[in-house]
1. Only residues that are more than 16 Å from SER8 (Cα to Cα), at pLDDT 80 or above and aliphatic (A, V, I, L, M): list them for the range 21-52, please.
2. Any residue in the range 11-38 that's over 13 Å from MET1 (Cβ atoms): show its pairings with residues that are acidic (Asp, Glu) at Cβ separation under 9 Å, as long as the two are six or more apart or on different chains.
3. Mind listing whichever residues of the range 6-23 are among the basic types (Lys, Arg) and surrounded by 11 or more Cβ atoms within 10 Å (Cβ to Cβ)?
4. Take the residues of the range 6-20 that are modelled with pLDDT of 90 or more and part of a loop (DSSP other than H, G, I, E, B): which is nearest to the chain's Cα centre (by Cα)?
Amino acid sequence: MFCGQCGSRLLLCHARSGRGRIYPYFACSARHAGRGDCTPAGDADRAGGAAC
């Protein structure tokens with residue numbers, strides 16, 4: 001999958017809640033590396049509603 005704002009690949013990332021549950025989410029690879037100005041909500045919209 002690719003970011004609709006900049007065209008970079010979307011990465012599958014994981015976050016851990018305070019209770020230890022792991023949540024998968026998608027993030028723009030350019031934004032993740034600090035090279036892009038894509039919005040987290042934009043990443044989630046293109047990934048089928050996943051939280052970012």
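The values are calculated or read from the model by the stated rules, or taken from the named source; none is laboratory data. Being a predicted model, the structure only gives us computed values, none of them experimental. When we count neighbours, we look across all protein chains shown, and the Cβ atoms used for this are built from the backbone with ideal geometry, even at glycine.
1. Across the range 21-52, the qualifying residue is only ILE22.
2. ALA30/ASP37; ARG31/ASP37; ARG31/ASP43
3. Applying the first criterion (among the basic types (Lys, Arg)) to the range 6-23 yields 9, 16, 19, 21.
Across the range 6-23, the qualifying residue is only ARG9.
4. Step by step, filter the range 6-20, then rank; the result is SER17.
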